[in-house]
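*Asks:* Okay, handing you the structure first.
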There are 2 protein chains.
Amino acid sequence: MSMTQQEADFASRIEADFVQNPVYTGVEQAILEQRLPPGTRLAETDLAEFYGVSRTIVRSGLQALAHSHLVTLRPNRGASVANPSPREAREVFEARELLEPRSAREAALHANRSDIRALRRHAQEEHDAMSRNESGRALRLSGRFHVMIAQIANQRTIAGMIENLVSRSSLIIALYWTRSSTRCDESCHNALIDAIERNDADEAEELMRSHLVELHSALRFDVTDTSNLTLKDMLSQ
Amino acid sequence: MSMTQQEADFASRIEADFVQNPVYTGVEQAILEQRLPPGTRLAETDLAEFYGVSRTIVRSGLQALAHSHLVTLRPNRGASVANPSPREAREVFEARELLEPRSAREAALHANRSDIRALRRHAQEEHDAMSRNESGRALRLSGRFHVMIAQIANQRTIAGMIENLVSRSSLIIALYWTRSSTRCDESCHNALIDAIERNDADEAEELMRSHLVELHSALRFDVTDTSNLTLKDMLSQ
DNA sequence: TTAATTGAAAACGTATACAATCCTGTAATC
DNA sequence: GATTACAGGATTGTATACGTTTTCAATTAA
């Protein structure tokens with residue numbers, strides 16, 4: 001399969017630049033695995049030393065992360081891991097509830113054998129991570145599962161939006177998650193794969209919708225973790 | 001109205017960094033007004049000289065524009081104005097058709113007097129630009145109108161997505177637009193404001209939907225304008 | 001004439017230097 | 001004792017230097 005130059009651009013050219021930035025990939029993965037909690041300060045010199053690059057590369061990576069809403073940049077005050085507000089958290093899940101059920105429907109209509117195999121392999125990896133108590137890795141893989149479905153749906157523009165919303169969900173879960181276990185994920189994801197394999201679009205759409213409502217309802221915005229807030233933050237409320 | 005630190009972050013902190021980058025704002029506006037056609041090469045030194053800044057600032061601005069899909073970066077080959085493929089064009093309009101009717105509905109439910117005044121003032125500016133034959137400015141203002149509605153809808157996350165899709169639409173229109181006049185915009189936008197002012201959610205949603213379908217159907221992907229493509233682009237198809 | 005080669009100029013990628021700003025701890029003042 | 005003023009250090013912002021890659025045109029060979 002050959003692509004036009006335009007198609008190649010559309011597919012990967014923009015991301016390619018950041019994928020090979022060790023700061024971008026490293027910090028992103030650490031955030032998705034909740035090893036870097038919201039609010040953590042990201043000093044340029046520290047990152048430069050850790051990744052063995054100059055501050056030029058660090059700043060480029062941090063700028064890319066800021067565009068993804070994973071990092072907050074404040075002029076003359078540097079970068080820190082984003083600290084999504086209850087409002088932002090609600091909005092991100094509302095947007096997911098709008099976009100992802102339709103993606104699941106389209107995925108059920110488009111998925112081929114190789115897509116199903118990849119989804120089952122991925123679900124197994126997720127399961128393994130959970131049983132080995134690697135909860136950070138499990139969370140990242142769980143998000144990745146949603147992105148895979150969006151990609152199978154064959155609408156790259158919307159898939160990109162979903163990828164971004166899923167990433168931000170890791171921070172939201174770190175701040176507002178109340179349940180102890182994500183056991184729900186495992187059965188939900190398997191049921192979703194089954195529906196997609198059967199090309200049952202209605203069922204896939206409904207399973208995705210209810211899965212997201214389930215996740216959303218497990219967030220508690222009233223019990224805000226204030227440990228990362230300064231006095232000024234609290235006073236300005 | 002007071003905001004928490006988190007809320008302030010969410011509202012404007014990330015954008016603030018690029019809004020004061022003259023390369024970002026200047027090139028963005030030029031693209032939205034179609035003064036920079038798709039494929040135009042953006043040499044760092046030229047931009048640095050034009051805006052009177054160092055290449056550091058230029059690269060930062062170009063990186064931000066690449067994230068917005070307005071510019072394409074290719075390693076070791078620099079930046080050029082994005083050249084959206086027919087597929088990307090279709091996807092952008094499909095995404096708009098999914099997001100914007102709902103935004104129009106929500107805007108109809110949330111709009112207050114000051115919102116309506118701002119929309120009418122904006123429509124007047126659009127009209128003036130058209131009658132003065134400033135078609136680039138008119139196109140940018142027309143896109144801005146859609147963003148304003150998304151912002152009134154009070155869902156910033158989705159409004160941000162729509163803002164991005166609207167920006168990309170300027171490039172898509174530059175490449176694939178067939179009709180000579182955008183007369184439709186004027187009456188469509190006025191009818192939309194009327195529906196929003198009446199808080200007629202159903203009507204606003206339907207008007208937005210049909211307006212977007214109208215725009216989408218005026219795109220012709222078979223008559224690709226090849227004047228901006230290099231030989232290599234054409235051969236690799 | 002065409003195609004391949006090659007070398008200089010231009011452009012990009014990264015590191016670093018220096019300036020501007022912010023932060024923090026100490027001392028002075030009330 | 002609490003608050004402010006200030007100095008030094010730390011951190012970020014921007015420009016620039018330099019190495020590497022690409023581009024392009026002149027040259028040469030087929």
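The values are calculated or read from the model by the stated rules, or taken from the named source; none is laboratory data. A quick note: this is a predicted structure, and the numbers were derived from the prediction, not measured. Heads up, the Cβs are rebuilt from the backbone with ideal geometry, glycines too, and the neighbour counts pull from every protein chain shown.
*Asks:* Being surrounded by fewer than 18 Cβ atoms within 10 Å (Cβ to Cβ), more than 7 Å from DNA strand C (Cβ to nearest atom) and polar (S, T, N, Q) is the filter here; which residues of the stretch B:44-61 pass it?
*Replies:* The one that is surrounded by fewer than 18 Cβ atoms within 10 Å (Cβ to Cβ), more than 7 Å from DNA strand C (Cβ to nearest atom) and polar (S, T, N, Q): B:Ser54.
*Asks:* The conditions are (1) in contact with a His (Cβ under 7 Å, 6 or more places away or on another chain); (2) more than 14 Å from chain B (Cβ to nearest Cβ), and A:Asp128 fails exactly one of them. Which is it?
*Replies:* All conditions pass for A:Asp128, except number (1).
*Asks:* Can you tell me which residues in the stretch A:33-70 are aliphatic (A, V, I, L, M), assigned to a helix (DSSP H, G or I) and in contact with a strand residue (DSSP E or B) (Cβ under 7 Å, 6 or more places away or on another chain)?
*Replies:* Passing the criteria: A:Leu62, A:Leu65, A:Ala66.
*Asks:* Would you pick out the residues in the stretch B:71-89 that are within 13 Å of DNA strand D (Cβ to nearest atom), more than 7 Å from chain A (Cβ to nearest Cβ) and not in a loop (DSSP other than H, G, I, E, B)?
*Replies:* Hits for the stretch B:71-89 are B:Gly78, B:Ala79, B:Ser80.
*Asks:* With the requirement that a residue be more than 19 Å from the chain's Cα centre (by Cα), modelled with pLDDT of 90 or more and either within 14 Å of chain A (Cβ to nearest Cβ) or under 15 Å from B:Ala153 (Cα atoms) (or both), what does the stretch B:204-237 give you?
*Replies:* B:Ala204, B:Glu205
*Asks:* Okay, next question. Would you mind stating whether B:Ala195 is over 17 Å from B:Ile31 (Cα atoms) and within 14 Å of chain A (Cβ to nearest Cβ)?
*Replies:* no
*Asks:* Separate question: Out of everything in the stretch A:33-43 that is crowded, with 17+ Cβ neighbours inside 10 Å and of a type outside the set (Asp, Glu), what residue ends up being nearest to DNA strand D (Cβ to nearest atom)?
*Replies:* Here the residue is A:Leu42.
*Asks:* Would it be correct to say that B:Asn133 is closer than 19 Å to A:Ala95 by Cβ and at pLDDT below 95?
*Replies:* No; evaluated as a whole, the condition is false for this residue.
*Asks:* Under 8 Å between Cβ atoms, at least 6 apart or on separate chains: pull out the pairs that start in the stretch A:138-156 with a residue that is assigned by TED's automatic domain parsing to the domain that holds A:Leu98 and end on any residue that is aromatic (Phe, Trp, Tyr).
*Replies:* Within 8 Å, the pairs are A:Arg156/A:Phe10.
*Asks:* A:Val92 versus (1) within 12 Å of DNA strand D (Cβ to nearest atom); (2) aliphatic (A, V, I, L, M); (3) touching a residue at least 24 places away in the same chain (Cβ under 8 Å); (4) within 7 Å of chain B (Cβ to nearest Cβ): which is the lone unmet condition?
*Replies:* Of (1) within 12 Å of DNA strand D (Cβ to nearest atom); (2) aliphatic (A, V, I, L, M); (3) touching a residue at least 24 places away in the same chain (Cβ under 8 Å); (4) within 7 Å of chain B (Cβ to nearest Cβ), only one is false for A:Val92: (1).
*Asks:* Any residue at all in the stretch A:69-81 that's surrounded by fewer than 21 Cβ atoms within 10 Å (Cβ to Cβ), hydrophobic (A, V, I, L, M, F, W, C) and out of contact with any His (no Cβ under 9 Å at 6 or more places or on another chain)?
*Replies:* Among the residues of the stretch A:69-81, not one is surrounded by fewer than 21 Cβ atoms within 10 Å (Cβ to Cβ), hydrophobic (A, V, I, L, M, F, W, C) and out of contact with any His (no Cβ under 9 Å at 6 or more places or on another chain), which makes the answer no.
*Asks:* Give B:Thr178, B:Thr157 a once-over and let me know the one that is away from chain A (no Cβ under 14 Å) and hydroxyl-bearing (Ser, Thr, Tyr).
*Replies:* When all the criteria are applied, what remains is B:Thr178.
*Asks:* Could you say which residue among A:Leu99, A:Leu119, A:Leu109 is assigned to a helix (DSSP H, G or I) and surrounded by fewer than 21 Cβ atoms within 10 Å (Cβ to Cβ)?
*Replies:* Just one listed residue meets the conditions, A:Leu109.
*Asks:* Let me ask something else. Is there any pair with a first residue in the stretch B:44-68 that is facing another protein chain (nearest Cβ under 8 Å) and a second that is of a type in the set (A, V, I, L, M, F, W, C) and within 13 Å of DNA strand C (Cβ to nearest atom) whose Cβ atoms are under 6 Å apart and which are 6 or more apart or on different chains, and what are they?
*Replies:* These pairs meet every condition: B:Ala66/A:Ile14; B:Ala66/B:Leu73.
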